[in-house]
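Undergrad: Here you go, one structure.
The values are calculated or read from the model by the stated rules, or taken from the named source; none is laboratory data. The structure presented is a predicted model; accordingly, all values stated were derived computationally and were not measured. No Cβ is skipped: glycine too gets one built from the backbone with ideal geometry, and neighbour counts run over all protein chains shown.
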Amino acid sequence: MAEQNIMADHRMKFGVFMAPFHRIGENPTLALDRDLELLQWLDVLGYDEAYIGEHHSAGWETIASPEVFISTAAERTRHIKLGTGVISLPYHHPYMVANRMVLLDHLTKGRVILGVGPGALTSDAVMLGIEPARQREMMDESLDVIMRLFTETEPLSHQSDWFTLNEATLQLRPYQQPHIPVAVASAQSPAGPRLAGRHGAAMISLSVPRDTVRRTSLAELWAIAEETAAENGKTVRREDW
């Protein structure tokens, strides 16, 4: 029996980070129902986590709000953790991101993960009047503020050229302690691993980097995260990647 318990504690984890591609012209309501049903089956099969992304253009990834989708999926599942894969931070005021995620954290009794990124589609940024070249720096600034809102109780003020906080605090503290788990998207550049390392956050990676010319291996990206974490007095855990 003791041997069985040890094996249970060290079992391999399974998760899904899969774009919900929907065919153009397909009934969108049925497509979303299929996405929800897939999460229900993953829960039944014992998967540990699944990630839901945010897109606003292109027409085939039609989930505009991972938080709304997660709230529906959470009512239809019991065990699987549900992550935002990802919330595009430049599109939102960071206080609202933190507030919505803390609410979800309580409603799901701690079954949420905050996955963040700069935004994958240039067409999204253009529609919102955001300069694509600024998206990564905006993400960095936003996540710094979100982490402080999660971990600090003193009122926070912050003046940016794209958002303002005046003596801001969260009405609710996160359900999960010390705070909601955070993961940073890492496609190919070192920016994602550096940000993850700075905050001791997890990473969400594609198995194959997008850029086939300037390809950075997963091992190199992870090494950057570990090095940056050490420089900032943080740790990153490979099992959370």
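Undergrad: When the residues of segment 160-187 are filtered to those that are over 22 Å from residue 49 (Cα atoms) and touching a Leu at 6+ places or on another chain (Cβ under 8 Å), which remaining residue is surrounded by the fewest Cβ atoms within 10 Å (Cβ to Cβ)?
TA: Step by step, filter segment 160-187, then rank; the result is 167.
Undergrad: I need the full set of residues from segment 158-198 which are of a type in the set (Ser, Thr, Tyr), under 23 Å from residue 137 (Cβ atoms) and touching a residue at least 12 places away in the same chain (Cβ under 8 Å), in order please.
TA: If the condition is that a residue be of a type in the set (Ser, Thr, Tyr), under 23 Å from residue 137 (Cβ atoms) and touching a residue at least 12 places away in the same chain (Cβ under 8 Å), then 160, 186, 189 are the ones that fit.
Undergrad: Please find, among 43, 35, the residue that is touching a Pro at 6+ places or on another chain (Cβ under 6 Å), among the acidic types (Asp, Glu), closer than 30 Å to residue 11 by Cβ and at pLDDT 95 or above. First the steps, then the outcome.
TA: Values: 43 fails: touching a Pro at 6+ places or on another chain (Cβ under 6 Å).
Exactly one of 43, 35 is touching a Pro at 6+ places or on another chain (Cβ under 6 Å), among the acidic types (Asp, Glu), closer than 30 Å to residue 11 by Cβ and at pLDDT 95 or above, namely 35.
Undergrad: If a residue must be of a type in the set (S, T, N, Q), part of a helix (DSSP H, G or I) and closer than 22 Å to residue 124 by Cα, how many such residues does segment 30-63 contain?
TA: Selection size over segment 30-63: 0.
Undergrad: Pairs, please: C-beta under 8 Å, at least 6 apart or cross-chain, first residue touching a residue at least 12 places away in the same chain (Cβ under 8 Å) and closer than 19 Å to residue 66 by Cα and in segment 117-139, second among the acidic types (Asp, Glu) and surrounded by fewer than 21 Cβ atoms within 10 Å (Cβ to Cβ)?
TA: Note: pairs meeting the criteria are 125/131.
Undergrad: Now for a separate question. Quick check on my filter: what residues within segment 138-157 are over 18 Å from residue 202 (Cα atoms), surrounded by fewer than 16 Cβ atoms within 10 Å (Cβ to Cβ) and not hydroxyl-bearing (Ser, Thr, Tyr)?
TA: 152, 154, 155
Undergrad: Right, another one. Of the residues that make up segment 98-111, is at least one under 20 Å from residue 16 (Cβ atoms), assigned to a helix (DSSP H, G or I) and in contact (Cβ under 8 Å) with a residue 12 or more places away in the chain?
TA: Taking every residue of segment 98-111 in turn, at least one turns out to be under 20 Å from residue 16 (Cβ atoms), assigned to a helix (DSSP H, G or I) and in contact (Cβ under 8 Å) with a residue 12 or more places away in the chain.
Undergrad: Here's another thing I want to ask about it. Name the single residue that is farthest from residue 58 (Cα to Cα) among those in segment 20-47 being surrounded by 11 or more Cβ atoms within 10 Å (Cβ to Cβ) and among the charged types (D, E, K, R).
TA: If we take residues in segment 20-47 being surrounded by 11 or more Cβ atoms within 10 Å (Cβ to Cβ) and among the charged types (D, E, K, R), then 43 is farthest from residue 58 (Cα to Cα).
Undergrad: Among what's in segment 104-132 and is at pLDDT below 95 and of a type in the set (A, V, I, L, M, F, W, C), pick the residue that is nearest to the chain's Cα centre (by Cα).
TA: Checked segment 104-132; the qualifying residue nearest to the chain's Cα centre (by Cα) is 120.
Undergrad: Same structure, new question: Which one of 201, 223, 229, 196 is at pLDDT 90 or above, of a type in the set (Gly, Ala, Ser) and surrounded by fewer than 16 Cβ atoms within 10 Å (Cβ to Cβ)?
TA: Just a single option satisfies the conditions, and that option is 223.
Undergrad: In this structure, does residue 95 turn out to be surrounded by fewer than 23 Cβ atoms within 10 Å (Cβ to Cβ) and not in a helix (DSSP H, G or I)?
TA: So residue 95 does not fit the description; no.
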